[in-house]
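Here is the structure we will look at, set down as structure tokens.
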Amino acid sequence: MLDSQLLKIAEDFGSPVYVYDAEKIEFQYHRLTNAFKNVKKLKLNYAVKALSNISILKLFKKLGSGIDTVSIQEVQLGLAAGFSPEQIIFTPNGVSLSEIEEAAKLGVKINIDNLSILEQFGTKHPNVPVCIRINPHVMAGGNANISVGHIDSKFGISIHQIPHILRIVENTKMHINGIHMHTGSDILDIEVFLYASEILFETAKQFKDLDFIDFGSGFKVPYKAGDIETNIEELGEKLTTRFNNFCKEYGKDLTLAFEPGKFLVSESGSFLTHVNAVKQTTSTVFAQVDSGFNHLIRPMLYGSHHDIVNISNPNGRERFYTVVGYICETDTFGNNRRINEINEGDVLCFRNAGAYCFSMASNYNSRFKPAEILWYNNEAHVIRERETMEDILKNQVQIDFSTKKKAAAAK
Ligand SMILES: *Cc1c(COP(=O)(O)O)cnc(C)c1O
């Protein structure tokens, strides 16, 4: 969609506001399915935690996607969006056995990444098929917090513990229907991914009755000009060949599954803010916008880069600005950026604001969470209203401090 259309949305709906372009989401979905078009059975399960608005989930349902969920609430959200239980896979980490049982009761696919839980679950529910999350100990990922496949990671069951998995399966007679890995966000090197896949194939051979192999996600998208991105087409070609050969060896057409979040929604999103003030100090010019890390925490949390564009003045001369928010502690969105001249009241657009942006927003400083808009069929659809004071106060319990202390009960 065009910047002029974004500007109109900021004028019509106010700011801060998130805008998602449905066409871009569809484009990415088709790009990925197309890269794996030579796989007989392909399943994409959109990772809900990246952007969990129910209308976004419904869009994925329309595209034929399943969903990947990490909490019982995401499972329930998926069901509310109309996904059938078979279209939902539950891939939690560190949740209680009872939460996994609750998900199993709802009929969704279960993915277990802990030996103790596997043994308990298999003992109690030997008839419920289970997928196993393997940790191949491959270092991928752009940032220590999102690299989840390395040796010290809390995710997955170590490949060195396969003998123990096999013993549990043998003892409980449980049915393993899938093998899974997710090595973390921001895969830079396809060879590393393929190497991890080999480990997964080796593991899969040890289980005789699989339905699917889930290769997780971690596809990198470009956040700025010149950024490396995962070459999906090349990965598709190479992994397809390898996967199809494996299926022949295995003697069954397995489903190849992925669970991308960022790849599908990141670039569809724009975050729009108004500039409250331009503030000149001795060393820099700050542009202060009507938002902060309460609404978009990635720059402060991960040091992530989001391009920032002045869509009110696209032809203005470029100057250097540090773009900050209105939170009462440091909340820098972008340091020393070259941006078209900013005047107070201008609309700044943050690019790549589809994944892990709204879904990580909070009410810090008692601010309202932003509205969300889906641009679909050349029209702006509100898919979440901006919060109000009622939302801030909801669930808060006010104590009446005017009542007198009760007399102590007599002994
Ligand atoms: C977060 C997560 C994903 C999605 O990762 P992206 O980098 O957003 O594609 C996929 N699978 C699991 C298990 C996850 O926790």
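The values are calculated or read from the model by the stated rules, or taken from the named source; none is laboratory data. Quick caveat: nothing in here was measured; it's all calculated off a predicted structure. All Cβ positions, glycine included, derive from the backbone under ideal geometry; neighbour counts span all protein chains shown.
Collect the residues in the stretch 275-303 that are in contact (Cβ under 8 Å) with a residue 12 or more places away in the chain, hydroxyl-bearing (Ser, Thr, Tyr), part of a loop (DSSP other than H, G, I, E, B) and surrounded by fewer than 18 Cβ atoms within 10 Å (Cβ to Cβ), keeping them in residue-number order.
If the condition is that a residue be in contact (Cβ under 8 Å) with a residue 12 or more places away in the chain, hydroxyl-bearing (Ser, Thr, Tyr), part of a loop (DSSP other than H, G, I, E, B) and surrounded by fewer than 18 Cβ atoms within 10 Å (Cβ to Cβ), then THR284 is the only one that fits.
Looking at the stretch 233-274, which of its residues are closer than 18 Å to ALA355 by Cα and either within 16 Å of the ligand (Cβ to nearest atom) or surrounded by fewer than 16 Cβ atoms within 10 Å (Cβ to Cβ) (or both)? Explain how you work it out, then say what you get.
In the first step, residues of the stretch 233-274 are kept if they are closer than 18 Å to ALA355 by Cα; the result is 258-273.
Correct list: PHE258, GLU259, PRO260, GLY261, LYS262, PHE263, LEU264, VAL265, SER266, GLU267, SER268, GLY269.
Within the stretch 82-99, can one find any residue that is at pLDDT 95 or above, away from the ligand (no atom under 16 Å from the Cβ) and more than 20 Å from CYS131 (Cα to Cα)?
Yes, the stretch 82-99 contains a residue that is at pLDDT 95 or above, away from the ligand (no atom under 16 Å from the Cβ) and more than 20 Å from CYS131 (Cα to Cα).
Would you mind stating whether LEU44 is in contact (Cβ under 8 Å) with a residue 24 or more places away in the chain, in contact with a strand residue (DSSP E or B) (Cβ under 8 Å, 6 or more places away or on another chain), surrounded by 21 or more Cβ atoms within 10 Å (Cβ to Cβ) and within 25 Å of GLY236 (Cα to Cα)? First the steps, then the outcome.
Working: in contact (Cβ under 8 Å) with a residue 24 or more places away in the chain: yes; in contact with a strand residue (DSSP E or B) (Cβ under 8 Å, 6 or more places away or on another chain): yes; surrounded by 21 or more Cβ atoms within 10 Å (Cβ to Cβ): yes; within 25 Å of GLY236 (Cα to Cα): yes.
Considered against the rule, which asks whether it is in contact (Cβ under 8 Å) with a residue 24 or more places away in the chain, in contact with a strand residue (DSSP E or B) (Cβ under 8 Å, 6 or more places away or on another chain), surrounded by 21 or more Cβ atoms within 10 Å (Cβ to Cβ) and within 25 Å of GLY236 (Cα to Cα), LEU44 comes out as yes.
Please find, within the stretch 194-223, the residue that is farthest from PHE121 (Cα to Cα) out of those that are in a helix (DSSP H, G or I) and in contact with a Lys or Arg (Cβ under 9 Å, 6 or more places away or on another chain). Give the derivation first.
First pass over the stretch 194-223, keeping only residues in a helix (DSSP H, G or I): 194-204.
Then drop every residue that is not in contact with a Lys or Arg (Cβ under 9 Å, 6 or more places away or on another chain), which leaves 194, 197-198, 201.
On the way: LEU194: 31, SER197: 27, GLU198: 28, PHE201: 25 Å.
Among them, the one singled out is LEU194.
Conditions (1) under 21 Å from the mean Cα position of the chain (by Cα); (2) closer than 23 Å to SER312 by Cα; (3) outside the structural domain of ASN276 (by TED's automatic domain parsing); (4) among the aromatic types (Phe, Trp, Tyr), marked per residue:
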| position | (1), (2), (3), (4) |
| --- | --- |
| GLU329 | no, no, no, no |
| GLU344 | no, yes, no, no |
| ALA355 | yes, no, no, no |
| SER359 | yes, no, no, no |
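Here are some residues: LYS58, LYS41, LYS8. Which one is at negative phi, modelled with pLDDT of 95 or more and not assigned by TED's automatic domain parsing to the domain that holds ARG242? Spell out the reasoning first.
Values: LYS58 fails: not assigned by TED's automatic domain parsing to the domain that holds ARG242; LYS41 fails: not assigned by TED's automatic domain parsing to the domain that holds ARG242.
On inspection, the qualifying residue turns out to be LYS8.
Where the second residue is among the basic types (Lys, Arg) and part of a loop (DSSP other than H, G, I, E, B) and the first is within 22 Å of LEU374 (Cα to Cα) and lies in the stretch 341-355, which pairs have Cβ atoms under 9 Å and are six or more apart or on separate chains?
Every condition considered, the pairs that remain are ARG351/LYS224; ASN352/LYS224.
Looking at the stretch 67-76, is at least one residue surrounded by 24 or more Cβ atoms within 10 Å (Cβ to Cβ), over 30 Å from TYR195 (Cα atoms) and not aromatic (Phe, Trp, Tyr)?
Looking for residues that are surrounded by 24 or more Cβ atoms within 10 Å (Cβ to Cβ), over 30 Å from TYR195 (Cα atoms) and not aromatic (Phe, Trp, Tyr), one finds at least one in the stretch 67-76, hence yes.
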